[in-house]
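These notes concern the structure reproduced below.
Since every read-out is calculated from the coordinates, none of them should be taken as a lab result. Being a predicted model, the structure only gives us computed values, none of them experimental. Cβ placement follows ideal geometry from the backbone for every residue including glycine, while neighbour counts extend to all protein chains displayed.
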Amino acid sequence: MPMYQFEAMDRTGQEIKDVIEAPSEEEAQNTIKGMGYFVTKLSLKKGTAQAAGAGVKKKRPFAMGGAKTKHICTFTRQLSILQDAGLPILRSLRILENNIKGGKLKNALMDVCDEIETGSTLSESMSKCPKVFSRLYVNMIKAGEAGGALETILQRLAEFLERSESLKRKVKGAMIYPVAVVSVAVLILAGIMYFIVPTFKKMFDEFELKLPAPTVLLMAMSDYVVGYFWLMILLPVVLWLIGKLIRKFKHGRMGYDMFIIKVPVFGSLIEKNILARTTRTLGTLVTSGVPILEAINITRETSGNAMFERIFTKVNDAIREGETISKPMKENSYLGFHPMALFYWVWMGMFPGIMMLSVAVTAGRGAGKSTDGGPSKNAGGAGQLLVMSIGTIAIGAVACALLYALKTRSRVIDDLVVNMIDVGEETGELDTMLYKIADNYDEEVAVMTEGLTKLIEPLLIVFLGVAVGFIVVSLFMPLISLITNLSGAK
């Protein structure tokens with residue numbers, strides 16, 4: 001008969017640890033309750049579990065990718081309810097495992113159940129599935145086990161995950177409309193460049209008209225779309241892959257993360273989102289009883305930004321030397337200079353000019369010769385475009401480099417956060433203050449996201465109006481010249 005080791009509390013609150021023999025976990029639970037004890041932990045004795053489980057290991061279904069955050073949220077909420085109802089942890093996990101469809105989470109729960117049957121704790125078992133249960137998740141469970149309040153910790157964890165997922169869904173949902181509109185606008189403009197403009201170009205070539213600079217630019221853009229449409233698809237992919245490769249290196253990642261939190265328009269949104277997430281993470285860990293140094297380490301790892309990782313590393317070192325959190329956080333929150341960050345800023349300024357230069361080179365090739373093989377009348381227009389492109393590259397690079405120089409003295413954690421953390425440390429209510437900071441920034445992110453989506457719509461209308469107006473003017477300028485010449489000839 002299987003042997004179960006258990007931890008329980010008697011009516012006076014004294015902790016009891018013992019071993020009991022029973023045919024099943026449920027029978028063991030009932031027997032211990034009959035002895036007048038309240039069960040806090042029950043598991044098979046290691047040797048018994050290994051013997052009982054030999055050759056009976058369930059087959060894991062094939063699963064691709066990772067576990068979705070919303071599935072982990074639902075699982076955590078359901079587990080907290082089952083624990084609050086007083087069910088043993090192993091039975092609770094088995095119930096949830098049977099109700100979950102095949103995937104990474106189901107496989108992880110099967111592994112966790114097997115580990116618990118061998119005598120491991122829930123946190124130890126979950127730590128062996130790092131792709132499903134993060135270090136934050138595992139440490140909160142560990143704190144709940146140590147404090148004897150696992151159901152409370154699970155409720156807090158579920159609330160934390162639900163808040164994080166809700167904010168992520170709001171941001172993603174708000175971006176669907178502008179992304180859809182931009183995609184349709186790009187397709188329409190690409191269709192005009194591919195099908196309509198070449199017809200006008202052929203007509204202008206037949207009449208050997210000298211085209212104005214806007215028309216030369218439009219024709220060059222059309223040639224670029226027709227001849228190099230594959231490059232327009234390939235270039236973003238290549239840039240994304242290069243960015244991923246650079247981020248694999250320490251300094252490349254630091255430079256990119258320093259750039260992305262200060263980039264115009266979206267940088268502030270990203271920065272506030274990280275602040276909301278990190279303060280809520282730290283507040284949840286402190287409330288759950290995780291030691292402050294461990295809580296800061298976990299928060300650092302879950303921040304997802306190298307700049308914030310550096311700040312929390314400095315805070316950790318300062319706390320070890322007896323400092324508070326607020327002082328080193330304020331001192332180390334200045335952005336500072338980084339050569340890779342400067343590279344990203346300069347590249348952002350140069351990019352429009354580089355794209356314009358590639359179009360100008362295309363225009364130069366197309367304008368080099370006329371239809372009869374002689375020199376083209378439009379070679380001068382192509383030369384003007386080339387000069388404009390080089391000028392745009394130089395101006396963009398210098399402007400963005402100067403803008404970055406102004407950003408180096410800015411801070412990524414403002415006085416509101418530092419002061420509230422300082423007050424929280426003085427009053428002993430650090431977790432409460434951290435929650436208030438997180439709520440404040442959650443609200444700011446939601447307002448900024450809503451404001452950006454409302455701003456993007458008129459900007460898109462203006463952009464489409466300018467683009468269509470440019471196309472119409474560029475096509476009609478040579479047409480008016482042609483009509484005038486024909487009228488004069490008559």
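Averaged over all directions, how much area does the convex hull of the C-alpha atoms of the range 164-489 cover when projected, in nm²?
With the hull built on Cα positions only, its mean projection is 19.8 nm².
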**Request:** Could you pull out every one of the aspartates and glutamates with an alpha carbon less than 20 Å from that of Lys101, ignoring same-chain neighbours closer than 8 positions?
**Result:** Asp111, Asp114
**Message:** Relative contact order for the range 164-489: what percent, with Cα pairs under 8 Å and sequence separation of 6 or more?
**Reply:** 28 percent
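Taking the number of other C-beta atoms within 10 Å as the exposure measure, put His71, His338, His251 in order starting with the fewest.
His251, His71, His338
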**Item:** Lys, Arg +1 and Asp, Glu -1 on Cβ, resulting dipole of the range 270-356 about Cα centre, debye, nearest 20
**Value:** 200 debye
**Request:** Could you line up Asp431, Asp442 from fewest to most neighbouring Cβ atoms inside 10 Å?
**Result:** Asp431, Asp442
**Stretchable slack from Trp347 to Lys327, in nm (0.36 nm times residue separation minus alpha-carbon distance)** = 3.7 nm
**Item:** Size of charge dipole - the chain - debye, nearest 20, with Cβ of Lys, Arg +1 and Asp, Glu -1, no other charges
**Value:** 1760 debye
**Fill in**
With x for Gly and Pro, the residue-by-residue ³J(HN,Hα) of the range 115-126, computed from phi through the Karplus equation 6.51 cos²θ - 1.76 cosθ + 1.60 at θ = phi - 60° and given in whole Hz, is 5, 5, 5, 8, x, 6, 7, 5, 5, 4, 5, 5
**Asked** For the chain, what is the mean residue ellipticity at 222 nm derived from helices alone (per DSSP H run of n ≥ 4: -39500 (n - 2.57); sum divided by total residues; nearest 500 deg cm²/dmol)?
**Response** -25000 deg cm²/dmol
**Prompt:** At what distance in nm do the modelled label points of Tyr228 and Phe38 sit from each other, each positioned 7 Å from its Cα along Cα→Cβ?
**Reply:** 7.4 nm
**Message:** With the crude spin-label approximation of a point 7 Å out along Cα→Cβ, what separation in nm comes out for Leu245 versus Phe463?
**Reply:** 2.8 nm
**Prompt:** Taking the Cβ-Cβ separation of Ile16 and Asp84 as r and a Förster radius of 22 Å, what is the calculated FRET efficiency to the nearest 0.05?
**Reply:** 0.50
**Request:** With a Förster radius of 22 Å, plug the Cβ-Cβ distance of Lys70 and Met175 into 1/(1 + (r/R0)^6) and report the FRET value to the nearest 0.05.
**Result:** 0.75
**Message:** Cross-link candidates for Lys327: which aspartates and glutamates have Cα within less than 14 Å, leaving aside residues fewer than 8 places away along the same chain?
**Reply:** Asp317, Asp414, Asp415, Asp422, Glu425, Glu426
